[in-house]
Every structure is written in structure tokens, then in C-alpha cells.
1. Tally up the residues in segment B:31-84 that are acidic (Asp, Glu) and surrounded by 22 or more Cβ atoms within 10 Å (Cβ to Cβ), please.
2. Name, by its number, the condition in (1) closer than 25 Å to B:Gly125 by Cα; (2) modelled with pLDDT of 90 or more; (3) not hydroxyl-bearing (Ser, Thr, Tyr) that does not hold for B:Arg34.
3. Got a sec? Which helices (runs of 4 or more DSSP H) wholly within segment A:13-122 have at least 3 residues that are crowded, with 17+ Cβ neighbours inside 10 Å and at the interface with chain B (Cβ under 7 Å from one of its Cβ atoms)?
4. So, B:Leu99, is that one under 29 Å from B:Gln5 (Cα atoms) and either at pLDDT 60 or above or touching a Lys or Arg at 6+ places or on another chain (Cβ under 8 Å) (or both) or not?
5. Could you run through segment B:1-50 and say how many residues are more than 8 Å from every other protein chain (Cβ to nearest Cβ), over 24 Å from the mean Cα position of the chain (by Cα) and part of a helix (DSSP H, G or I)?
6. Have a look at B:Asp82, B:Asp26 and point out the one that is of a type in the set (Asp, Glu), within 17 Å of A:Thr82 (Cβ to Cβ) and in contact (Cβ under 8 Å) with a residue 24 or more places away in the chain.
7. Can you pull out the residues in segment B:54-78 that are touching a Gly at 6+ places or on another chain (Cβ under 7 Å) and outside any helix (DSSP H, G or I)?
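The values are calculated or read from the model by the stated rules, or taken from the named source; none is laboratory data. All values reported here derive from a predicted model rather than from experimental measurement. Neighbour counts run over all protein chains shown; Cβ positions are idealised from the backbone, glycine included.
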Amino acid sequence: MEIALFVFLVVMAGTSGEMFVSRAMKGIGEVTSFRPGAIARVVGRALAEPWMWAGLGMMALAFFCLLVLLSRANVSFVVPVTALSYVMAALGGRFFLGEQVNASRWVGVCLVCLGVALVWAG
Amino acid sequence: METGQHLRGKTAVLLLLMVAFGSSGDTLMGKGMRAVGPPAEWSAARVGEFLSQAALSPIVWAGFGCLLLFFVSYMLVLTWADFSFVLPASAAAYAVVPLLGHFFLGEAVSPLRWAGVVTITLGVGLVGNTPPRTTLPVVEGTQRATAAAAAAAGTAKGD
């Protein structure tokens, strides 16, 4: 039961954190140069975005919950079940970031859900 | 102006780095945290002890380093690719980690669990086979705006 709770927390906090980070990074525009100076400027601009800090906070919470899970269960269980993030990602990408999620992507998301159920049952 | 092929190539390289760093990071973290063990109870003292023991483990730090490199690649790719494209596509690591867990950490994985892992991989493959960007990029000047509009028109024609 505690494992299910921590999986839920990892998925919810992790996915919302990543969505906040995605929103911040899309806000600063596409990276076209990979020189160290240019990357440092991108990181600097990213850290000036409030969404980035909200995202990092949620990701820190997710990371703590992941540490607890990994201390109790095998990685071959923990990592596949956290793939439940796909469901959250597709829903969040569609409704929070306004991205288009096409039919084949929804089918992929359903397959991932089925796979997670099998991993849990195994 | 960037061609679709260039965008796909750049995306593929960064996704590959994400899978490599992400899966080795998760596996190392798992090995380190199993050695630490869960907090004995949910008190501040025990949770603090749990975190400090994790922070003293070199294996946990090695895993953490890999995950940081994963995160840097991830932030870079997110500046041009859609979130709902990047997260599932990068998560081929979700299939690689059980293999690493089984062969390097000696974890027992039942046939049903392998079936689940394969199903997840199929789902990931299906999700990854979509265009990397469905929203218009943020542009700074009129020149780039024109380029973006031309690129968008090209994409629309391609579809």
C-alpha cells in the first residue's frame, strides 16, 4: 500500500514538475547553439523563469519519493511502473500545454498503461 | 532555417544521451538505495538519517551524476520538442532499466513482468513515431518569425 502511494506521488509530482519545466523552456525559445557559453546563457534564462522554480520544486519532491521507492523495491519494478507518467504526460500536454496528441500517440499511451498493469501483476 | 531532417537528427542524438544517462542513473541509484534501506519510521529524525545515508553512498552519487547529465540533455531537447513527445520517447530507458537490473543487479524478473516491459516498449515506440513539434516555436525577431512561418507552412504541406 505504501508502495502504491509513493508510485502515485512520483508520477503526479514528477509529471507536473516536468510540465512546469517544459513551459519554462518553451518560453525561452529554441536552442540553436551548443557552445558552453550559449548553454550557460540558456540555463541562466531558464532559472529566471518562475515556472522553472515551480517545476524544480515538484521534481525535488518526486525525487525524494523515488529514493524511498528504490530503497524498498527493485529497479526492475520501480522504473517500469513510473511509466504511468505517460498517461499524465499526454493529458497534461493536451490540456495544460495545448499540444496536439494524435490517435497513434493515445494508442501508445494505452499500451504503456497495459504494460504497467502487467509489471505490477508480475 | 532548419530542415525537418536536421531537427530529427539533433533530437535523436539528445534522446540517445537521455536514455543512456537516465537508465544507468536509475540503475545505480537503485543499487545504492537498496543498500541504504527505507526509513524505519516517518519521523523527521529517521527521514534525515535516511537522506544522510543516501548522501554518503558513492553509488548513489554516481547515479545522481548520471541523472544530472540526463536532466541537462532533457532541458536542451525541451527547448524545441513537445513535452508529450519527449517524455515518452526518452523513456525507452523504462525498458533498458529492467535489463540492467536483471543482468547487473541480479534482480528476479517474472515472465509476466517481462511481458509488461515489452508492452511498455511497444507503446513507447508508437508514441515516439510522431513529429517532434506540433506547436509554433517562440521567436525573437521578425526574421525568425518569417522563417518559422515558412517552416510551419512547409510542415502543413508535408502532412
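1. So in segment B:31-84, the residues acidic (Asp, Glu) come out as B:41, B:49, B:82.
Of the ones still in play, those that are also surrounded by 22 or more Cβ atoms within 10 Å (Cβ to Cβ) are B:82.
Counting residues in segment B:31-84 that are acidic (Asp, Glu) and surrounded by 22 or more Cβ atoms within 10 Å (Cβ to Cβ) gives 1.
2. Here B:Arg34 clears every test but (1).
3. Helices (runs of 4 or more DSSP H) meeting the threshold: A:50-72, A:75-81, A:85-95, A:103-121.
4. no
5. 7
6. After ruling out the rest, the residue left standing is B:Asp26.
7. B:Ser57
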